[in-house]
Every structure is written in structure tokens, then in C-alpha cells.
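Bear in mind that the values in this text are calculations on the coordinates, not laboratory data. This is a predicted model, so every value here is computed, not measured. Cβ atoms come from the backbone with ideal geometry, glycine included; neighbour counts cover every protein chain shown.
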Amino acid sequence: MNEQQNMLSDMANGVFAELRDTPAAEAWARIEALGLPSLLIREADGGFGGSWQDALVVFRLAGHHALSTPLVEAILAAGAGTHLGFAGRGTIASRSEGRLENGRFTGTLAGVVAGPRADFVVAPLGDRSVVVDLSQARFVEETHFSGASRTVIGIDGARAAASELRIFALGAFARSAQIAGALDAALVMAVHYVNERWQFGKTLAKFQAVQQNLATFACEAAAANCAAMGAAQALDRGDGAFEVAAAKLRANQAAGIGTAIAHQAHGAIGFTHEFGLHPLTRRLWSWRSEFGGDAYWANLLGAGILARGADHFWADLAARTD
Amino acid sequence: MQTFHPQPIAWPDNAASIRAQVRSIIAAHPRHPDPAKRANSWAVADPAFSARLGAEGLIGMTWPKEYGGHARSNLERYVVLEELLAAGAPVGAHWIADRQTGGMLLRYGHETEKQRWLPGMARGAIFACIGLSEPNAGSDLASVRTQARKRGDRWIIDGQKVWTTGAHFSHLMIALVRTAEGSQRNEGLSQFVIPMDAPGVSIKPIIDLTGGHDFNEVFFDGVELPETALAGIEGEGWKQATAELSLERSGPERYLSSTALFLELLRHVGESPDPAVRQLVGRLAADMWTLRMMSATVAAKLADGEDPALEATIVKDLGNSFEQAMPGLVQATIDIDPASTTALTRVLEHLLQVAPSFSLRGGTREILKGIIARGLGLR
Ligand SMILES: Cc1cc2nc3c(=O)[nH]c(=O)nc-3n(C[C@H](O)[C@H](O)[C@H](O)COP(=O)(O)OP(=O)(O)OC[C@H]3O[C@@H](n4cnc5c(N)ncnc54)[C@H](O)[C@@H]3O)c2cc1C
């Protein structure tokens, strides 16, 4: 990490830890006062002008602390919407259906994060995005997946603009980074737990089966973190299409293996509402599907590679970093 | 708690031109007619190819020029390695010398030994083998019994090594032996440079389950060595061997051994196979890409002078599992006609048979996970 990223990391670590037990409105005010939502807004537009590697630092920590405040979504939305004239609190959606005509959008947005509290939303439209004003939105329905609440929103001719950004892929990148952070946090919890818990006259950590499972977990967490880093680097180079797909797919798999081992190591206590493991693992299960599950990205990657054929595979891969 | 610290990777500016150089060398070298030879190709020895790479300055790349090296960066070397492996080039003859023996000699070898061996290694003419395992010292390496006793200004070696890859074509071995009589476990061990043609060294082939001959038993019967053969410090052999294992475990060969199968799979299924195949291709590619990032991170840390032993262990464990699982995944997804002689069938049947060794050689899966668990603070 560079100097700036170290500072960002210290700040985010501090504030995210404090916000764990802070009411939502207050938490948002704290985060806004620190300027965090403007991380990806260009300097010319009064933002921080951060890189994707800067964003990785914050997204990863948001995952690590199981942050409830929808900051990650606000950062992505502000990066896409500010220079198009959308102000206030932004968020993102994972799906949209409808039409954008003459600066107006009519249709539905689904999988909107913290919709009722947002001023505008950035949603995928075709393979790009649409930014939609939410001041006159109709909240149609609330959906839930593994503890994560999302909204479906009906839009009838609201102010909107097309964005060149691919918000679906950027959402996938963000979720990869959050998965990486949450896996590291769950790993720390599991290691701590097995070092404290005694059975058969010794700590669980002394059992080789337990050690080997947690080593497997550590490998998966490492893979997710390296994949997220690789994707951030590629986005900063200007084209992360392949890397984001690969990173999300790899992170998804790590989420599956990591959550299973984390719960196994914790025994029954980890299955309780009171114990702090589920804020991580339930988010991990939701993030695994959001912005592209395993099959989605595997199909996309596979189709691209098959179309290029065996003789190009390695050369293409290497050329992406040269 | 110690785990993997990802970092952005600064690939060398000249990576593309290095790749072009390696690709043209491979294209100009006669291709082995059997496609199975492109799988796990760092176990395929072809001295003529090694000599060609040596002549092109692609062996001993990071070593100082005075010993025949080329003073290049570790990441430039990494680019060469991954190109060679991805193409399935037959690099087995010089692989061990380039990867670990040369580096060990540079760090610990007596000046006489450095001058004797290193320039030939860099030319791709001198090959090396690893003398760690013994019949009663596998995972439990600290149980080695082969002995070195001092007689006047000579060392006398007696004992036996086993599973020694390439001993039958190698010119030297670096061996871990016991120098303090009656010492226990990892105390009293030292490393020696042993010429394979020294009187008293004998080699017996061990044929593997495919019928191939890669590894051997090596016997030492009163082998006399000069004082210069002691590598490093007497009694420090365990620490040195641990450093050697770091080199042994850190490279891209720990995840690329089945790449030939992935490529034959792409060739075999064409552009639009059924979704199960398409998804398998996507999954394998995502794994391979991630492992490439991880493996290059280890190389970058080595280049920065860090000792990424734990990171290397993590990459080896994940990488071995990946390259080991691939043959089974392909077999489960594609209808293979065992009676056919297609390239896919040839490569698959070879890898199905050799893949079990991927999580044994260089330290078993269980031993690696033990090291990772120690990093986590569990032992
Ligand atoms: C293809 C190939 C090439 C090789 N080349 C070389 C070479 O060039 N030079 C060299 O010195 N060696 C070489 N080896 C040897 C290799 O290093 C050993 O095979 C390896 O260290 C394991 O030792 P072992 O075979 O005696 O198995 P063992 O140690 O007997 O282990 C058998 C099984 O028990 C498990 N086990 C052992 N100890 C533990 C433990 N404490 N906890 C849990 N599980 C355990 C192992 O993980 C393994 O699954 C090679 C091996 C192979 C397969």
C-alpha cells in the first residue's frame, strides 16, 4: 500500500469499527463528514479522485467490519453519477428493466441497496448503466436474501442519464473486495476461537484436523484477496473486464469454502444470533450471488476464452499484464 | 497471525519482448511427437533444449555475471519460467539447477565449487538433483541418517537418498546429511555438494507407475569429498535446507503442470460446447488467473529481498490442488474415448496417472497445511 492508502486504511478501519453499534442515520453522517463517499469522484468535480486500488482498501475493510452503512454502494454511485449532475446520496442496483428516453427513465430497478434512503441509483442497462433520480420513486417491494434487504423500485419517467460505466461489473468488483475482507475477518475469528476453546483437555487449535481446515480457509482467503487486488490493478490500467469476472468467480468459490469452515470451527455457538460470526457469513452468502453468481461469470469467461481458442489463451492472459 | 499479503505487481517493462524471445526459441525447437510430453513438462528432460536456453542467456538469469549468470531481475526470470511452462517446453534437465541448486551454491558454496559448477549450469550443460529424502526420512526430513565424517582434510559420506529426480542424468547433488555423530533431529546436519561421478556413488532407477524413469535411489559408499564440498556452515544444514525448500516451492511450476490439458480441452471442444464445458473452462481460467497473480506476487516479494516462505507455501498448496484436480474435472465433464489417440486423450491419461504426485513432491499437502497453520498461530 502507498502512503495515501495507508492513511485511508487507518481511517476506514477506525471509523468502521466504531460504527458497528451506531444507529444508521448517525453512521451515515459520520461517514459523510469524513468525505468517504466522494472517494471515486474526480478531483475536477470536487472529489478525492481515488484509484480502484484505493477503492479496494475501503471496500475490503467494509467487508472486514461487516459494515451496515451502504458506503460501498454510495462510493460507486457517486463515481458514476456526480459528473452527470446527480447529487446527494447515491446507491446501486443489480438489475433494471425499462427504457431511457430523452433523459427520462421508465421501468423497474431491482436489487437496490438501501433504496428508501437514497437520492439516486445507478443500475445496469444493457451492458452499460443508467443513473436514475429517486425523488419520485415508488417502492414496490422489499426482497431479502441471507439477511440482506434490497428493494424493487418502480420508476415512471424520472430524470435519468446514461452512463458509460459498467456498474454490474463494478458491483462485482466491490463484492469481490468485500468478500475478501469478510473472509479475512471470519478467519481471524475462527483462529481466535479455536485457540480459546478447550475440549479433550486441550485447545481445539491443537487438533490437526482443525489446523488443516483453517489452513485451507487461509488459502481461500488469500486467493480472494489476491484476486481482488489483481482486478483493482486491471481496472486502474483501464480494462478489467476479464479480471473482474475471474476475481468475482474466484471470490465466490472462496466464500463457499470459507463460510463452511468458519462455521464448522465454531460449533454451535457460531450458529447463534448473538455471536458475531453471522454478520460476516450471511453477507458472504448474499454477496456470492449478487452481481453475478459462479455460473454467470463462469459462462461469460468460458465463452470468451472458447471464442479465442487454445492458441490465444496464454498469450492473451499474459498480454493483459505486459 | 501471518498470512498472505497481496501487493500490486510491477511486471517488467520488457516482459513482452522476453516472451517473444522465449516463444521463438520454443517454435524453433523440434517438438516431441507425443503431446503427453507437454504436460508436467518440468519433469521432461531434453538436454538439447536446455543448452539452447543456456545459449540464449535464459538459465541462471539472476546470477552474477562472474559465474556465467546474467544479472537480470527476478521478475524477468519469472516471465521466462511461466512462458516455458505454459508452452509445455521440456525444461526438466536444467530445472532444479536453475531453481535451487545454483542459488544455494551462490549463497553457501565454497568459491571453488561455485566456479566449478555455476558457469556450466548457466550454459544449460550441468544438471543437478536434490538430496533430501531418505527411506526413513520423507515428510519427517529431520530423520535423515546419511552421514558425513571428517577424515583428515576429507569428508567421507555413507548412506542413501531416495526419490532423487534426475539423479541418472545429473552432474551434482546438494545433499542434507548428518555431520555430528549421534545428533538428534534437526541438530548436527550439514549440506554437501556431491559430484555424481565421484567414486562410491551409485544410482539405481525407480520406475514410476506409468513405467517412466524420473526418480532414483542414490547410494553413498565411502564417498570422499574435499573440504570445499561442505556448503555453508557445518551444523547449519537444517536452516539452509529450509531456505532451499523456499526456493523449491516458490515457482509457477506449482500450478502450471496441467496447462497442456487445459489447452487440449479448448482445442477438442471447439467454440461452442455445452454449458457444462463452457463453465468448466471459465472456472479453470479464473483459478489459473488467480494463481498467476499469487505466484507472481511471491516472485515480486523475492525480488524485493523478502522471504515469502509462507506465501510460497500457500501458492504451492492451492496450485497443487488446482493442477491435480484438473484431470479429474475434465474426465468428469467430457466424454473421453479411451480407445482414441487424440491429443486430449493422450494428455489426460498421462496427467490422471501423474497428478497424485503433485501434492507429494516438494512437500506434501498435509505438511504444507501444517506450515500454514503455524503461520496462523495454531501450532
Ligand atoms: C515425483 C516425485 C519426485 C520427487 N523428487 C524428489 C527429489 O528429487 N529429491 C528428494 O529429496 N525427494 C523427492 N521426492 C520425495 C518427496 O519429497 C517425498 O515424497 C515427500 O516429502 C513425502 O515423503 P514420503 O513420500 O516419504 O511420504 P510420507 O512422509 O511417508 O507421507 C505419507 C503420507 O502421510 C502424510 N503425513 C506424513 N507426516 C504427516 C504428519 N505429520 N501429519 C499429517 N500427515 C502426515 C503425508 O502428507 C502423506 O500424505 C519426490 C517425490 C515425488 C512423488
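Can you give the calculated 222 nm mean residue ellipticity of chain B, where each DSSP H run of n ≥ 4 adds -39,500 (n - 2.57) and the sum is split over every residue, rounded to the nearest 500 deg cm²/dmol? The partial results should precede the final answer.
On the way: 13 runs with 167 residues, N = 379.
After summing the helix terms and dividing by residue count, I get -14000 deg cm²/dmol.
Could you give the angle, 0 to 90 degrees to the nearest 10, between helix B:259-269's Cα long axis and the longest principal axis of the Cα atoms of chain B?
10
Please give the average number of partner chain Cβ atoms lying within 10 Å of the Cβ of each residue in A:309-320, rounded to a whole number. The partial results should precede the final answer.
Numbers: counts 5, 8, 3, 1, 8, 12, 4, 0, 6, 9, 3, 1.
That works out to 5 on average.
Bin by bin, in steps of 10 Å, what percent of the Cα pairs in the range B:15-127 do you find, going until the bin that has the longest distance?
Pairs per bin, as whole percents: 15, 49, 29, 7, 0.
Kindly state, as a whole number, the per residue volume in cubic angstrom of the convex hull around the alpha carbon atoms of chain B. Please report the intermediate quantities before stating the final value.
Working: hull volume 54.0 nm³, N = 379.
Taking only Cα atoms, chain B has a hull volume of 142 Å³ per residue.
If amide H atoms are built 1.01 Å from N in the plane of the peptide, which residues on other chains or at least 5 residues away come under 5 Å of the amide H of A:Ile92?
Sorted by chain and number, the residues that satisfy this are A:Val113, A:Val122.
More than 14 Å apart: what percent of Cα pairs in the range A:175-232 qualify? List each step's numbers first, then the result.
Details: 944 of 1653 pairs.
For the range A:175-232, the share of Cα pairs beyond 14 Å comes to 57 percent.
For helix B:275-303, what angle does its Cα long axis make with the longest principal axis of chain B, in degrees from 0 to 90 and rounded to 10?
Its long axis makes an angle of about 30 degrees.
If you take each beta carbon of peptide A:183-196 and count the beta carbons of other chains within 10 angstrom, what is the mean? Intermediate results must be reported in sequence, preceding the final value.
Values: counts 0, 3, 0, 0, 3, 3, 0, 2, 6, 2, 0, 2, 4, 0.
Shielding by partners across A:183-196 averages 2.
Where a ≥ b ≥ c are the square roots of the eigenvalues of the C-alpha gyration tensor, would you call the range A:1-143 rounded, which needs a/c under 1.5, or, failing that, prolate if a/b is larger than b/c, or oblate?
On the way: a/c = 2.12, a/b = 1.53, b/c = 1.39.
Prolate, since a/c reaches 1.5 and a/b exceeds b/c.
Given H placed on each backbone N at 1.01 Å, which residues far from B:Thr146 in sequence or on other chains put an amide H within less than 5 Å of it?
Long-range HN contacts for B:Thr146: B:Gln160, B:Arg178.
Spelling out what I want: for every residue of the range B:231-240, take phi, set θ = phi - 60°, compute 6.51 cos²θ - 1.76 cosθ + 1.60 (Karplus), and round to whole Hz; glycine and proline get x.
These are the phi-based 3J(HN,Hα) values: 9, x, 9, 4, x, 9, x, 5, 4, 5 Hz.
Could you state the number of Å between the C-alpha centres of the range A:117-143 and the range A:226-264?
Value for the Cα centre distance between the two parts: 26 Å.
Using only the Cα atoms of the protein assembly as shown, what are the Rg and Dmax in Å?
27.8, 97
With contacts defined as alpha carbon pairs under 8 Å and 6 or more residues apart, what's the relative contact order of the range A:192-322 in percent?
Working: 94 pairs, mean separation 28.9, N = 131.
Answer for the range A:192-322 is 22 percent.
Extent of chain A along each principal axis, from alpha carbon coordinates, in Å, largest to smallest?
Over chain A, Cα extents along the principal axes are 72, 56, 40 Å.
So what is the relative contact order for chain B, in percent, with contacts set as C-alpha pairs under 8 Å and at least six apart? Walk me through the numbers on the way to the answer.
Details: 682 pairs, mean separation 69.6, N = 379.
For chain B, the relative contact order is 18 percent.
Using a 10 Å cut-off around each Cβ, can you sort B:Asp307, B:Asp158 from fewest to most neighbouring Cβ atoms? List each step's numbers first, then the result.
Values: B:Asp307 12, B:Asp158 16.
Listed from fewest to most nearby Cβ atoms, that is B:Asp307, B:Asp158.
Going by alpha carbons, how many degrees (0 to 90, nearest 10) lie between the helix axis of B:111-123 and the longest principal axis of chain B?
The angle comes out near 20 degrees.
Return the inverse of the average 1/r over all pairs of distinct C-alpha atoms in the range A:167-319, which is the Kirkwood hydrodynamic radius, in Å to one decimal.
Values: mean 1/r = 0.0607 Å⁻¹.
This gives a value of 16.5 Å.
When the Karplus curve 6.51 cos²θ - 1.76 cosθ + 1.60 is applied with θ = phi - 60°, which whole-Hz ³J(HN,Hα) does each residue of the range A:75-81 get, with x for Gly and Pro?
5, 4, 5, 5, x, 8, x
What do you get when you divide the Cα radius of gyration of the range B:239-375 by 2.2 N^0.38 Å, with N the number of residues? Walk me through the numbers on the way to the answer.
Details: Rg = 16.6 Å, N = 137, 2.2 N^0.38 = 14.3 Å.
Cα-based Rg divided by the globular estimate yields 1.16.
Which whole number gives the average, over all residues in B:272-283, of C-beta atoms from other chains lying within 10 Å of the residue C-beta?
Working: counts 3, 2, 0, 5, 1, 2, 10, 11, 2, 9, 16, 10.
Rounded to a whole number, the mean comes out at 6.
At what distance in angstrom do the alpha carbon centres of the range A:1-53 and the range B:234-257 lie from each other?
A separation of 42 Å, based on Cα centres.
HN-Hα J couplings of the range B:50-59 from phi, Karplus 6.51/-1.76/1.60, θ = phi - 60°, integer Hz, Gly and Pro as x?
4, 5, 4, 4, x, 4, 8, x, 10, 10
Working out 0.36 nm times the residue gap between A:Gln199 and A:Arg138, then minus their Cα-Cα distance, what length gain in nm do you get to one decimal?
Numbers: separation 61, 0.36 × 61 = 21.96 nm, distance 5.47 nm.
Between A:Gln199 and A:Arg138, full extension yields an extra 16.5 nm.
Going by amide H atoms built from the backbone, whose H comes under 5 Å of the H on B:Gln2, apart from near neighbours?
Result for B:Gln2 returns B:Leu376, B:Gly377.
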